[in-house]
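The values are calculated or read from the model by the stated rules, or taken from the named source; none is laboratory data. Predicted model only: the values in this text are computed from it and were never measured. Quick reminder, even Gly has a Cβ in these numbers, built from the backbone with ideal geometry, and neighbours come from all protein chains shown.
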Amino acid sequence: MDRLLIDGGRRLEGTVAIAGAKNAALPQIAASLLSPEPLTLTNLPAVADVTNMLSVVGRHGVKIAAKGAHEATLDAAAAEHVEAPYDVVRKMRATVLVLGPLVARFGKAHVSLPGGCAIGARPIDLHLKVLAQLGAQADVDGGMIVASAPSGLMGGRVLLPSPSVGATETAMMAATYAKGETEIVNAACEPEVVDLAACLTAMGARIDGAGTHRISILGPTTWRPARHHTIPDRIEAGTYAIAAAITGGHLELTGARLEHLGAPAQILETAGVRIFPTDRGLMVAREGKISAIDVTTESYPGFPTDLQAQFMALMAIADGTSTIRETIFENRFMHVPELSRMGADITLRGSTAVVRGRPKLIGAPVMATDLRASVSLVLAGLAAEGRTTVNRVYHLDRGYEDLARKLVRCGAAIERVRD
């Protein structure tokens with residue numbers, strides 16, 4: 001099992017190329033199951049989650065022709081309904097996204113309950129309720145999601161109790177086969193949802209309102225060959241922005257889009273970080289002290305939960321006391337004990353962390369518990385005095401393409417070693 005050795009205290013300077021968005025690519029790969037026509041996806045990130053999702057659709061008969069590390073043509077003409085067993089889906093929660101396409105196209109699906117990061121319940125009941133509102137029968141039996149719609153799906157009003165990204169994406173994909181118009185109410189507005197709509201539209205779907213809380217889809221779809229370029233990863237961009245801030249350096253993030261980083265960019269600027277667009281992306285720089293600022297995670301366009309751990313690492317060296325309230329996932333403070341091992345002063349009060357900034361962190365052996373917690377420990381190690389050893393870094397491989405190499409190119413002292 002690999003680990004990272006980080007010698008902290010070096011300013012980061014240089015350029016980081018932001019990869020395609022993992023959380024946009026995964027539903028687009030699942031969407032390939034919908035169409036008998038080929039779908040070519042470009043700007044795919046070379047991360048483990050994308051590799052695993054390609055394996056999942058491959059198990060359903062999708063032929064995959066890769067062109068380099070970032071492009072793949074998915075041909076689902078010969079796809080079929082087969083069971084997606086636990087040994088395939090256990091590695092990440094996003095594999096539940098194949099449920100909607102399978103039910104829509106084949107009238108049935110047997111998908112094992114998925115695994116993934118242990119950051120909270122993330123129940124699949126919303127996906128089942130979405131399918132039920134479109135006329136399918138779906139339930140959980142012995143660890144397996146069993147769904148069927150022998151008479152096909154019917155368009156209608158899909159009301160989400162909360163703006164869940166995954167449930168919105170399931171509803172969008174399933175509705176492309178439903179007869180008549182489907183209206184998704186209280187839909188998620190994340191850029192990844194908008195990008196899925198763009199991908200589905202390129203494939204032939206008729207979708208209006210993506211990016212708002214009300215999306216309408218007119219089905220059934222007449223499918224056509226399609227090509228789609230996945231958007232850049234706003235979470236990766238936010239992570240490297242915090243890397244520049246926590247080391248007192250400056251980085252140009254090529255490909256990053258400021259419009260996707262509204263709330264994080266505003267909060268970082270309030271804390272003392274300069275962020276401005278360039279002709280290639282964004283420039284991020286910090287010259288003075290970091291000021292403590294309070295944050296609450298929220299659905300888009302609010303501050304994303306996927307940047308909460310990274311921001312906490314930054315607040316650990318800020319001037320003053322900040323509070324960080326987590327409202328999305330109940331177990332997303334597992335990085336707190338590890339940051340505390342490095343000298344961070346953090347007190348947990350239910351769903352709120354009180355962070356008292358200190359002048360410096362001290363390198364220490366730490367253990368990664370999930371994807372975003374892993375990278376928060378890397379960020380802390382970059383700023384710490386001495387050596388930090390981050391264990392179980394396979395979590396990082398799920399969502400960050402060449403993280404160590406990108407940081408080394410900008411002046412970080414990081415070595416990846418195998419036990």
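Results, tabulated for the structure shown:
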| quantity | calculated |
| --- | --- |
| Output for the stretch 219-265, where each listed residue is without any contact (Cβ under 8 Å) to a residue 40 or more places away in the chain and not assigned by TED's automatic domain parsing to the domain that holds ALA316 | THR222 |
| When residues of the stretch 297-344 are limited to those that are buried (at least 20 other Cβ atoms within 10 Å of the Cβ) and of a type in the set (D, E, K, R), the one nearest to THR389 (Cα to Cα) | GLU338 |
| Pair list, Cβ < 8 Å and 6+ apart or interchain, from the stretch 351-376 residues that are under 21 Å from LEU407 (Cα atoms) to residues that are acidic (Asp, Glu) and surrounded by fewer than 17 Cβ atoms within 10 Å (Cβ to Cβ) | LYS360/GLU385; LEU361/GLU385; ILE362/GLU385; GLY363/GLU385 |
| Residues located in the stretch 314-336, provided they are of a type in the set (Phe, Trp, Tyr) and either modelled with pLDDT of 95 or more or more than 17 Å from the chain's Cα centre (by Cα) (or both) | PHE333 |
| Residue in the stretch 349-359 that is under 18 Å from ALA318 (Cβ atoms) and crowded, with 20+ Cβ neighbours inside 10 Å present | yes |
| Filter result (farther than 16 Å from GLN28 by Cα and in contact with a Leu (Cβ under 8 Å, 6 or more places away or on another chain)) within the stretch 91-113 | VAL103, LYS108, ALA109, VAL111 |
| Near pairs, Cβ below 7 angstrom, 6+ apart or cross-chain, from the stretch 1-19 (farther than 21 Å from ARG280 by Cβ) to any residue that is among the acidic types (Asp, Glu) and not in a strand (DSSP E or B) | MET1/ASP419; ARG3/ASP419 |
| In the stretch 275-289, the residues that are touching a residue at least 24 places away in the same chain (Cβ under 8 Å), out of contact with any Ser or Thr (no Cβ under 9 Å at 6 or more places or on another chain) and surrounded by fewer than 17 Cβ atoms within 10 Å (Cβ to Cβ) | GLU287, LYS289 |
| Neighbours by Cβ (under 6 Å, 6+ apart or cross-chain): first from the stretch 330-348, without any contact (Cβ under 8 Å) to a residue 40 or more places away in the chain; second among the hydroxyl-bearing types (Ser, Thr, Tyr) and surrounded by fewer than 19 Cβ atoms within 10 Å (Cβ to Cβ) | ILE346/SER340 |
| Matching residues in the stretch 7-43 - criterion: being crowded, with 24+ Cβ neighbours inside 10 Å and either assigned to a strand (DSSP E or B) or among the aromatic types (Phe, Trp, Tyr) (or both) | VAL16, GLY20, LEU39, LEU41 |
| So VAL140, is it modelled with pLDDT under 95 and either of a type in the set (Val, Ile, Thr) or over 21 Å from ARG224 (Cβ atoms) (or both) | yes |
| Complete set of residues in the stretch 202-228 that are within 22 Å of the chain's Cα centre (by Cα) and hydroxyl-bearing (Ser, Thr, Tyr) | THR212 |
| Pairs with Cβ under 9 Å, 6+ apart, first in the stretch 160-177 and over 15 Å from SER216 (Cβ atoms), second among the charged types (D, E, K, R) and outside any helix (DSSP H, G or I) | PRO163/GLU190; VAL165/GLU190; GLY166/ARG122 |
